[in-house]
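**Student:** Dropping a structure here in structure tokens format, bear with me for questions.
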Amino acid sequence: MTVIKKSRKQEILDAALACFNENGIEATTIDMIRERSQASVGSMYHHFGSKESIAATLYAEALAEHNTYQQSLLDKAGSAEEGVKALVYAYSDWISANPDKARFVLYSRGALVKSNMAQELESQTKAKLAEVRRWFQPYLENGQLKKLPSECFSSLIIGPAHDYARLWLSGRARTDIKAYREIFAQAAWSAVKP
């Protein structure tokens, strides 16, 4: 069996994720991340430059992973219903498979808004939302989706799963979010179908 050694950069990111989830971004220090990753100070600054840069990188990479998975499901969808359900499946499945990253993304956004990478993260998010809207546009135009304000679609589609994800990731719900993916997907479709 071949063992693939993680890169130093990945070791730092993994250590930072654990520290951020345990202590929060603001309470975590570079030294805590350095100690946990066993990286030198020079290596930390070579790869990232600052704690905020590490946090922003973690956030961006987690969103990119989710978006790649979401797009793979959307690429297989052939109807408005399949597309809506694909968004819910991607959200639920990715969170179930990556609870530590999901916890970080859900609970750290406020701290990242203050970082120097906030504008870049915001533009990446807007670009992805625009791409998803383009995917659904033909279905909106031909009446396969309700005519609603565009700002409402995300809340109606992901809202129930998102609310449950917060409960599950905080430990207030015990059942893995993936167990309810069909319930959330059907609720999403019921909310936006004509």
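The values are calculated or read from the model by the stated rules, or taken from the named source; none is laboratory data. All figures in this text were calculated on a predicted structure; none of them were measured in a lab. All Cβ positions, even for glycine, are placed from backbone atoms using ideal geometry, and neighbour counts span all protein chains on display. These area figures cover heavy atoms from the full protein model, side chains too; ligands, DNA and RNA do not enter into them. Shrake-Rupley method; radii C 1.70, N 1.55, O 1.52, S 1.80 Å.
**Student:** Return the carbon/sulfur percentage of the accessible area of segment 46-194, one whole number, probe 1.4 Å, all protein chains in place.
**Tutor:** Working: 4230 of 7800 Å².
Solvent-exposed carbon and sulfur of segment 46-194 make up 54 percent of the total.
**Student:** To the nearest 20 debye, what charge dipole does segment 1-70 have about its Cα centre, counting +1 at the Cβ of each Lys and Arg and -1 at the Cβ of each Asp and Glu?
**Tutor:** Numbers: 7 positive and 9 negative charges, 63 e Å.
With only Lys, Arg, Asp and Glu charged at Cβ, the dipole is about 300 debye.
**Student:** Return the distance in nm (one decimal) between the two label points of a simple spin-label model at Ser150 and Glu82, each offset 7 Å from Cα along Cα→Cβ.
**Tutor:** Label-label distance for Ser150 and Glu82, simple model: 2.5 nm.
**Student:** While we're here: How large is the Kirkwood hydrodynamic radius of segment 83-164, in angstrom, based on all distinct alpha carbon pairs?
**Tutor:** 14.4
**Student:** Per the Kirkwood treatment, what hydrodynamic radius in Å, one decimal, follows for segment 13-103 from the mean inverse distance over all distinct Cα pairs?
**Tutor:** Across segment 13-103, the inverse of the average 1/r is 14.6 Å.
**Student:** Okay, next question. Can you compute the radius of gyration and Dmax for the chain, using only the Cα atoms, both in Å?
**Tutor:** Looking at the chain, its Cα Rg and Dmax stand at 18.6, 58 Å.
**Student:** From the protein chains alone at 1.4 Å, what is the descending order of accessible area for His66, His162, His46, largest first?
**Tutor:** Working: His66 25, His162 65, His46 140 Å².
Order by accessible area, largest first: His46, His162, His66.
**Student:** Compare Ala179, Ala16, Ala64 in a GNM of the chain, Cα atoms joined below 10 Å, and give the one with the largest fluctuation.
**Tutor:** Looking only at Ala179, Ala16, Ala64, the biggest GNM fluctuation is shown by Ala179.
**Student:** Can you give the helix-only mean residue ellipticity at 222 nm for the chain, where every DSSP H stretch with n ≥ 4 adds -39500 (n - 2.57) and the sum goes over all residues, rounded to the nearest 500 deg cm²/dmol?
**Tutor:** Values: 9 runs with 145 residues, N = 194.
-25000 deg cm²/dmol, from helical runs alone.
**Student:** Right, next: Specify the residue with the greatest mean-square fluctuation among Ala130, Ala86, Ala18, computed from a Gaussian network of the chain linking alpha-carbon atoms under 10 Å apart.
**Tutor:** Among Ala130, Ala86, Ala18, the largest mean-square fluctuation in the Gaussian network model of the chain belongs to Ala130.
**Student:** Still on this structure, I have one more. Would you mind calculating the gained length between Lys6 and Arg166 on full extension (0.36 nm times residue separation, minus the Cα-Cα distance), in nm to one decimal? Don't skip to the answer; put the middle values down first.
**Tutor:** Details: separation 160, 0.36 × 160 = 57.60 nm, distance 2.98 nm.
Length gained between Lys6 and Arg166: 54.6 nm.
**Student:** Looking only at Ala77, Ala56, Ala90, which one moves most when the chain is put into a Gaussian network model with springs between Cα atoms under 10 Å?
**Tutor:** Largest GNM mean-square fluctuation: Ala77.
**Student:** Calculate the radius of gyration of the Cα atoms of segment 80-127 to one decimal place, then report Dmax, the largest Cα-Cα distance, as a whole number, both in Å.
**Tutor:** Here Rg and the maximum Cα pair distance are 13.4, 39 Å.
**Student:** Could I ask something else about it? In what sequence, largest accessible area first, do Lys128, Lys9 appear using a 1.4 Å probe? Please list the in-between numbers first.
**Tutor:** Details: Lys128 25, Lys9 80 Å².
Largest accessible area first, the residues go Lys9, Lys128.
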